[in-house]
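These notes concern the structure reproduced below.
The values are calculated or read from the model by the stated rules, or taken from the named source; none is laboratory data. Predicted model, so just to flag it, every value in this text is computed and none were measured. Cβ placement follows ideal geometry from the backbone for every residue including glycine, while neighbour counts extend to all protein chains displayed. Please note that ligands, DNA and RNA were not included when accessible areas were found on the heavy atoms of the full protein model with its side chains. Shrake-Rupley method; radii C 1.70, N 1.55, O 1.52, S 1.80 Å.
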Amino acid sequence: MKIHEYQARDLLSRAGIAVPPARVVQTAAEARQAFIENGLARQVVKAQVFAGGRGKAGFVKLVDSADEAFKAAEFMLGNRMVSPQTGPDGIAVHRLLIAGAVDIAHEYYLGLVLDRARATASVIASAQGGVEIETVAHEHPEAIIKEPLHPALGLQPYQARNTAVALGFSGKQGQLFADMLLKLSAFFVRYDCSIAEINPLVITRDGRLLAIDAKVNFDDNALFRHPDILALKDDAETDPLEIRAAEANLNYIKLDGDIACLVNGAGLAMATMDVIQLHGGSPANFLDVGGGVKAEGAVEAFRILLADKKVKGVLVNIFGGIARCDLIAEALIQAGNEVGFTVPVVVRLEGTNVQQARDILAGAKKSLPTLQTATDLNDAAQKIVAATRSK
Ligand code: GDP
Ligand code: MN
């Protein structure tokens, strides 16, 4: 689960990490008012969206007057933000943060992430933080410091001090940094985070160490332990189709292509997307309907897939292991009759009772004229790409 920067700043601040004070607003008039109430000469207006790269996209702006705050807010609320972390259509901005600006002497990167290769959490830090961190990681991997946490004991004070030294901190600042890092790692573990990132962490011209951006994501499977975190969930930032899918227990992620896929099992869904791509198509979504596909699930899945107006065709790829192919075929026909197959649908079934399933589908061709069957995944991908191309 993702939360907004303003929520993350609040949590980090409560964990003892120094964060400049800020207010959240929803209109340009409120932004003007917040600037006045903050009472600081220079402030920063920041779009609150679940995507980074805001600075480069023009959605983080320093302002020196209430009027400038109003104008920046009007721009951000009235335009969609496009960054490398959004789709080409960008995302709408509904909330803004108005924070006291700081005089930056240097920007650092500090984060904790899950390191799957080491099977533990790891600190990631760099003295070259800020908006170019991806480039730094790519071109100068040696400038990125990693410090794995002991799985049971967590980050040890000596590791925090080593990280401080590696970043070039010394004296009082070194102590401040090590203290902040220990707090951040304790926060990461306590809240079952999947990422807790401060970029940039800054040293101000007057020598203070402050977090001026914060990105925190949580492990969905651990949210039951954190009702206070779950209460921060903002569904307005999630695609409505994704919310609907979650309610139906479908694992659905919308993508930018035009070939929808309905698959059982996450691995098979990934493979299906790859093979669509291999044959020149582009997947409109990831959808894992789970092992035991039932008629209700298939009907709702088709409703969700076909609600996406970009979709020109659907590839159904199901392995009948837990569920039997004949039952799946019947579920698909029911979905076709209830939802209406308005676009080409190619079905590839494999597994238990597959021959009966093929017979059932062959018998339904009259009532569902856009339905085709395929013998294997390559055949299915070629057929759906051809069917959607000719449209
Ligand atoms: P992101 O681009 O989405 O990661 O947004 P950030 O909150 O990290 O802001 C992007 C950049 O804007 C930072 O790296 C800073 O260089 C700059 N910035 C943000 N807040 C301040 C501030 O208070 N003062 C100054 N001088 N620059 C800031
Ligand atoms: Mn940032």
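Leu210 - would you say it is out of contact with any Asp or Glu (no Cβ under 6 Å at 6 or more places or on another chain) and within 16 Å of ligand 2 (Cβ to nearest atom)?
Details: out of contact with any Asp or Glu (no Cβ under 6 Å at 6 or more places or on another chain): yes; within 16 Å of ligand 2 (Cβ to nearest atom): yes.
It is true that Leu210 is out of contact with any Asp or Glu (no Cβ under 6 Å at 6 or more places or on another chain) and within 16 Å of ligand 2 (Cβ to nearest atom).
Take the conditions in contact with a Cys (Cβ under 7 Å, 6 or more places away or on another chain) and within 16 Å of ligand 1 (Cβ to nearest atom) and apply them to Val202. Does it pass?
Working: in contact with a Cys (Cβ under 7 Å, 6 or more places away or on another chain): no; within 16 Å of ligand 1 (Cβ to nearest atom): yes.
For Val202, the condition - in contact with a Cys (Cβ under 7 Å, 6 or more places away or on another chain) and within 16 Å of ligand 1 (Cβ to nearest atom) - is not met.
Regarding Phe75, is this residue buried (at least 20 other Cβ atoms within 10 Å of the Cβ) and assigned to a helix (DSSP H, G or I)?
When the stated conditions are applied, Phe75 does not pass them.
So which of Glu197, Glu242, Glu237 ends up being within 16 Å of ligand 2 (Cβ to nearest atom), at negative phi, open to solvent by 10 Å² or more (accessible area, probe 1.4 Å) and among the acidic types (Asp, Glu)? Let's see the steps before the verdict.
Numbers: Glu242 fails: within 16 Å of ligand 2 (Cβ to nearest atom); Glu237 fails: within 16 Å of ligand 2 (Cβ to nearest atom).
Exactly one of Glu197, Glu242, Glu237 is within 16 Å of ligand 2 (Cβ to nearest atom), at negative phi, open to solvent by 10 Å² or more (accessible area, probe 1.4 Å) and among the acidic types (Asp, Glu), namely Glu197.
Being in contact (Cβ under 8 Å) with a residue 24 or more places away in the chain and either more than 16 Å from ligand 2 (Cβ to nearest atom) or open to solvent by less than 70 Å² (accessible area, probe 1.4 Å) (or both) is the filter here; which residues of the stretch 51-67 pass it?
Listed by number, the residues that qualify are Ala51, Gly52, Gly53, Arg54, Gly55, Ala57, Phe59, Val63, Ser65, Ala66, Asp67.
Which of the numbered conditions does Leu155 fail, given that it passes all the others? Conditions: (1) closer than 25 Å to Pro84 by Cβ; (2) away from ligand 2 (no atom under 15 Å from the Cβ).
Among (1) closer than 25 Å to Pro84 by Cβ; (2) away from ligand 2 (no atom under 15 Å from the Cβ), the lone unmet condition for Leu155 is (1).
Can you pull out the strands (runs of 3 or more DSSP E) entirely within the stretch 103-204 that have at least 1 residues that are in contact with a strand residue (DSSP E or B) (Cβ under 6 Å, 6 or more places away or on another chain) and closer than 22 Å to His226 by Cα?
Details: elements: 104-115, 120-126, 145-148, 193-204.
Per the criteria, 104-115, 120-126, 193-204.
Filter the stretch 21-50 for residues that are in a loop (DSSP other than H, G, I, E, B) and more than 14 Å from ligand 2 (Cβ to nearest atom); which is surrounded by the most Cβ atoms within 10 Å (Cβ to Cβ)? Spell out the reasoning first.
Step one: of the stretch 21-50, the residues in a loop (DSSP other than H, G, I, E, B) are 21, 26-27, 39-42, 48-50.
Adding the requirement that they be more than 14 Å from ligand 2 (Cβ to nearest atom) leaves 21, 26-27, 39-42.
On the way: Pro21: 11, Gln26: 14, Thr27: 13, Gly39: 8, Leu40: 16, Ala41: 9, Arg42: 13.
Once the filter is applied, the top-ranked residue is Leu40.
Collect the residues in the stretch 123-137 that are away from ligand 1 (no atom under 12 Å from the Cβ) and either at pLDDT 95 or above or open to solvent by 20 Å² or more (accessible area, probe 1.4 Å) (or both), keeping them in residue-number order. Spell out how you get there, then give the answer.
From the stretch 123-137, those away from ligand 1 (no atom under 12 Å from the Cβ) are 123-127, 135-137; that's our starting set.
The answer is Val123, Ile124, Ala125, Ser126, Ala127, Thr135, Ala137.
Condition check: part of a loop (DSSP other than H, G, I, E, B), of a type in the set (Val, Ile, Thr) and touching a Phe, Trp or Tyr at 6+ places or on another chain (Cβ under 9 Å). Does Val93 satisfy that? First the steps, then the outcome.
Details: part of a loop (DSSP other than H, G, I, E, B): yes; of a type in the set (Val, Ile, Thr): yes; touching a Phe, Trp or Tyr at 6+ places or on another chain (Cβ under 9 Å): yes.
Answer is yes for this residue.
Looking only at the stretch 220-233, filter to residues that are touching a residue at least 60 places away in the same chain (Cβ under 8 Å) and open to solvent by 20 Å² or more (accessible area, probe 1.4 Å); which one of those is nearest to ligand 2 (Cβ to nearest atom)? Spell out the reasoning first.
Just the residues of the stretch 220-233 that are touching a residue at least 60 places away in the same chain (Cβ under 8 Å), to begin with: 220, 223, 229-230, 232-233.
Next cut, open to solvent by 20 Å² or more (accessible area, probe 1.4 Å) only: 220, 230, 232-233.
On the way: Asp220: 23, Leu230: 25, Leu232: 19, Lys233: 22 Å.
My answer is Leu232.
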